[in-house]
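> Take a look at the following structure, please.
Derivation of every value follows stated rules applied to the coordinates shown; laboratory data play no part. Since the model is a prediction, treat every value here as computed from it, not as a measurement.
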């Protein structure tokens, strides 16, 4: 089991290093897949985001906040009960780009559902 985790971590590190070492080029979001969540909760959707056709981050959440929708990064509960992000942007420019694109993809799905409902 430990060897599998070590191999997974090594592969994750390799992919992150490969994406980030593009010689100063910006990382691009090349795919976003949205799955809507049904129910009355605050979580509205879960997204998978692919960067540069090389690295995917799953379980990115669209949350209905007190003032607006926002994007929450995938997290894991620690033994002491806190939640820690597994993957996250490290600067505001990347966070803004990620949030804008994920929310735009979510809005596009909402618009498609509205059009389908009107057609019925």
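> Subtracting the Cα-Cα distance from 0.36 nm times the residue separation, let me have the gained length for residue 40 to residue 94 in nm, one decimal.
16.4 nm
> In the calculated pair distance distribution of the stretch 25-119, what percentage of Cα-Cα distances lie above 17 Å?
When every Cα pair of the stretch 25-119 is considered, 55 percent fall beyond 17 Å.
> What are the extents of the Cα atoms of the stretch 53-99 along their three principal axes, listed from largest to smallest and rounded to whole Å?
Answer, in whole Å and largest first: 33, 32, 18 Å.
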